[in-house]
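Structure first, then comments.
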Amino acid sequence: MGAHRLLHAAAALALAATARSAPAQGPRFAVGGGLTLGDHRVDMGFGLEHSTGTLFDLQLSVEVNAKVAVAVLAQAGVLHGGPGATLPRNVAEAGLDARYRPFPWLDVEGGMRVRSYTTPVGRQRWNLPHLGAAGRVPFALAGLEGVLGVALHPFAAVSGLPDPELAVSSRVGMQYTRGPLTAEVVYALDRYDFARGTVQQRLEQYSSIALRLHVKTAPPLRRAPSPTSGS
């Protein structure tokens, strides 16, 4: 499958970058979590389905070195039906993300997300491999920076639907780091177009505003070699 090839390529890129990077310090671990306000809209040509709700997320990341990081994440919650949507939707998502930073202001990102929407009458599963980039802009205040990112999902697949013709994600946010703590607020927008220009056209959009806090460990100290005994 194309998604597996994409994941293997992303892993190979991360390993190659790790091998080329100078081992100046050991890995750093971070645990994060937060609250997300989600807004889901579906237009199938005969009215807009609109659902909103609150989701909770948890993330564990490993910063291998200054250039390479890997993270696993999970998110779950309920979207309650608004105008045009009659059933609540339980949302669950799990993902694996990798990041390579060739420059201090640029991240190359890739990974895989698996998302499900469950109602009393069925479940829909989304497989969303992604590849993209994010730019970082520091501000005058030390530790404060802005983030702007975009990603494509070239092998997106949805159960019960044809593959989307367009699958793209974007995000903009602010991060503030002080010591081991990082707080962030992020607005994200996902857009998926199915069968555009036909009677089966389906336009789907998911947007969210997330507030998160991450706690990072200090890098482990490397022991100096023991002095050899001598006279």
- Query: Taking Val72, is it in contact (Cβ under 8 Å) with a residue 12 or more places away in the chain, open to solvent by 40 Å² or more (accessible area, probe 1.4 Å) and of a type in the set (A, V, I, L, M, F, W, C)?
  - Reply: yes
- Has the stretch 61-69 got at least one residue that is at pLDDT 95 or above, among the β-branched types (Val, Ile, Thr) and surrounded by fewer than 19 Cβ atoms within 10 Å (Cβ to Cβ)? yes
- Output the residue which, of all residues in the stretch 110-119 that are modelled with pLDDT of 95 or more and either in contact with a Leu (Cβ under 6 Å, 6 or more places away or on another chain) or open to solvent by 40 Å² or more (accessible area, probe 1.4 Å) (or both), is nearest to Lys67 (Cα to Cα). Gly110
- Item | Condition met for Arg101 (out of contact with any Ser or Thr (no Cβ under 8 Å at 6 or more places or on another chain) and of a type in the set (Lys, Arg)) | yes
- Scan of the stretch 79-104 for residues that are at pLDDT 95 or above, open to solvent by 50 Å² or more (accessible area, probe 1.4 Å) and in contact with a Gly (Cβ under 7 Å, 6 or more places away or on another chain), ordered by number: Leu96
- Message: Any residue that is surrounded by fewer than 16 Cβ atoms within 10 Å (Cβ to Cβ) and modelled with pLDDT of 95 or more - is there at least one of those in the stretch 3-17?
- Response: no
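The values are calculated or read from the model by the stated rules, or taken from the named source; none is laboratory data. What you see is a predicted model, and the numbers here were worked out from it, not measured in a lab. Counting neighbours? That spans all protein chains shown, and the Cβs are built from the backbone with ideal geometry, glycine included. For accessibility, only protein heavy atoms count, side chains too; no ligands or nucleic acids. Shrake-Rupley method; radii C 1.70, N 1.55, O 1.52, S 1.80 Å.
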